[in-house]
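Some notes on the structure that comes next.
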Amino acid sequence: MNEFLDKCRSAIGADHVLTESADMAGYLTDWRRRFTGKALAVVKPGNTEQVAALVRLCNEYRVPVVPQGGNTGLVLGSVPDESGMAIVMSLTRLNRIRAIDTVNNTMTVEAGCILEHVQNAASESGRLFPLSLAAEGSCTIGGNLSSNAGGTAVLRYGNARELCLGLEVVTAQGEIWDGLRGLRKDNTGYDLRDLFVGAEGTLGIITAAVLKLFPQPQAQLTALAAMRTPGEALRLLSLAQSKCGASLTGFELMSDFCLRLVAKHFPQMRLPFPQSYAQYVLLELSDSESEDHANAMLEAVITDALEQDIIQDAVVASSIAQSMALWNLREHIPLAQAEEGKNIKHDVSVPISRIADFISETDVLLQNAFPGTRMVTFGHLGDGNLHYNVSPPEEGSPDAFIAHQAEINHIVHDSVHRFGGSISAEHGLGALKRNEIRQYKSEVELGMMRAIKAALDPLGLMNPGKVI
């Protein structure tokens, strides 16, 4: 492979072809640091033409390609396997914002742009790019689109797919497809954009995208409501939607155990209520009219919810700092669970109307099979996405508990399937769930996916071992 690597160096510069173990280390280990693969090299192209040149070389020498953005994924989708035969193609040098069109409300960005930088650039232009998630300071737009990222604003704005109008893609053959069209209506055949969004780099490499922008809201309000059950949280969701409509942009469910973990491991974060409640909902309103209008809507929701005995208490943030403090409670749940020790994560979705029943029934199944199991249940209730995580009992060996991960996954995912849900809501399949998904998709569906893969990547070089 020396000849192949020499040609890579000629194509993008020797400094951007990493082959030493120490230089490659950070690109080979997944975000949760539970798996480390091997690679022939890490290559870092600086533009779309260099990406295409490298892919053509990979075709010539039959070298697999693992595209990588910020490497913040949770399903082993952006790291290579242990064979050492693939290259990792890091797109972080493709980090230019090419254009902002405030009349068309679009922004054209390269795949290596960090999400937070895109948010800031939109804000500086008087616009909003609403995709928001915990890793926004390090994840990239290419990765967001390749995994069809969700986050906290899906209820109002949709997943990454809904926020993308056009793409630039390097195909598996090393050709460049320029689909950077900022059109909201383009009914001219198959929607190629949607093939690549959510494909996790298995069909081609996204190098740039046209993103939707929105007017900045005139007011953003945050409140935390306390209640007894997830069923009451669903009643609150219906009430908030009826009174606020599209202004309701965030609706996050958190159990009491989630917030107790945050308080335990981050004592500087104070819980806003003098007593504990079984469940909490974090609401966010983004209003285009005025702060007074937003306050009136939120006050009506909380007043009615208290009168109807849906909630037991509520606090409304009166400043940006207080709003951030409430969101920090939510965002620190995964960090607190990591501090607590090893755990088993599930990123699932079920129809919103069935979430309460799913939680109660699946909790019982897990307790019967593994007494003392502690459930860390939180997530985006407004769009049906739960992070249904399982922590070991306080007593006993965490390692012994983790050894039952396959059994626990089977219980949870079978339950998800019975409730008409999905075993991956926003994290993707990667290598972690690639085999398991076969139990829940029909042969017809899997066959169509295989046909698309074979048509677009006949050599099987694009992120092999992922998704399908």
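Details
- Filter pass, Arg181 being outside any loop (DSSP other than H, G, I, E, B) and either surrounded by fewer than 17 Cβ atoms within 10 Å (Cβ to Cβ) or not assigned by TED's automatic domain parsing to the domain that holds Val348 (or both): no
- Residue in region 37-67 that is nearest to Val109 (Cα to Cα), counting only those that are touching a Phe, Trp or Tyr at 6+ places or on another chain (Cβ under 7 Å) and part of a helix (DSSP H, G or I): Leu57
- Identity of the residue in region 20-77, more than 17 Å from Asn463 (Cα to Cα) and of a type in the set (Ser, Thr, Tyr), that ends up modelled with the highest pLDDT: Thr48
- Any chance Val103 is among the aliphatic types (A, V, I, L, M), out of contact with any His (no Cβ under 9 Å at 6 or more places or on another chain) and not assigned by TED's automatic domain parsing to the domain that holds Cys8: yes
- Among the residues of region 187-203, some residue qualifies, meaning at least one is charged (D, E, K, R) and not in a loop (DSSP other than H, G, I, E, B).
- Every residue from region 75-101 that is among the polar types (S, T, N, Q) and assigned to a loop (DSSP other than H, G, I, E, B): Ser78, Ser83, Thr92, Asn95
- Tabulated pairs, region 383-408, first over 24 Å from Asp256 (Cβ atoms) and touching a residue at least 24 places away in the same chain (Cβ under 8 Å), second surrounded by 15 or more Cβ atoms within 10 Å (Cβ to Cβ) and hydrophobic (A, V, I, L, M, F, W, C), C-beta under 6 angstrom, 6+ apart or interchain: Gln405/Ile344
- Options Ala338, Ala278, Ala296, Ala321: the member that is under 26 Å from Arg32 (Cβ atoms) and small (Gly, Ala, Ser): Ala338
- Residue match in region 269-277 (condition: within 28 Å of Asn120 (Cα to Cα), outside any helix (DSSP H, G or I) and out of contact with any Cys (no Cβ under 9 Å at 6 or more places or on another chain)): yes
- Test: Lys466 is modelled with pLDDT of 95 or more, in a loop (DSSP other than H, G, I, E, B) and on the phi < 0 side of the Ramachandran plot: yes
- In region 414-463, the residues that are aliphatic (A, V, I, L, M), assigned to a helix (DSSP H, G or I) and within 25 Å of Val65 (Cα to Cα): Ile437, Leu446, Met448, Met449, Ala451, Ile452, Ala454, Ala455, Leu456
- So Leu221, is it of a type in the set (A, V, I, L, M, F, W, C) and surrounded by 21 or more Cβ atoms within 10 Å (Cβ to Cβ): yes
- Positions within region 379-399 being more than 20 Å from Gln241 (Cβ to Cβ) and either part of a strand (DSSP E or B) or assigned by TED's automatic domain parsing to the domain that holds Leu253 (or both), in sequence order: His387, Tyr388, Asn389, Val390, Ser391
- Put simply, of Val17, Val42, Val109 the only residue that is surrounded by 15 or more Cβ atoms within 10 Å (Cβ to Cβ), in contact (Cβ under 8 Å) with a residue 60 or more places away in the chain and among the β-branched types (Val, Ile, Thr) is Val109.
The values are calculated or read from the model by the stated rules, or taken from the named source; none is laboratory data. Computed from a prediction, not measured in an experiment: that's the story for all the values here. All Cβ positions, even for glycine, are placed from backbone atoms using ideal geometry, and neighbour counts span all protein chains on display.
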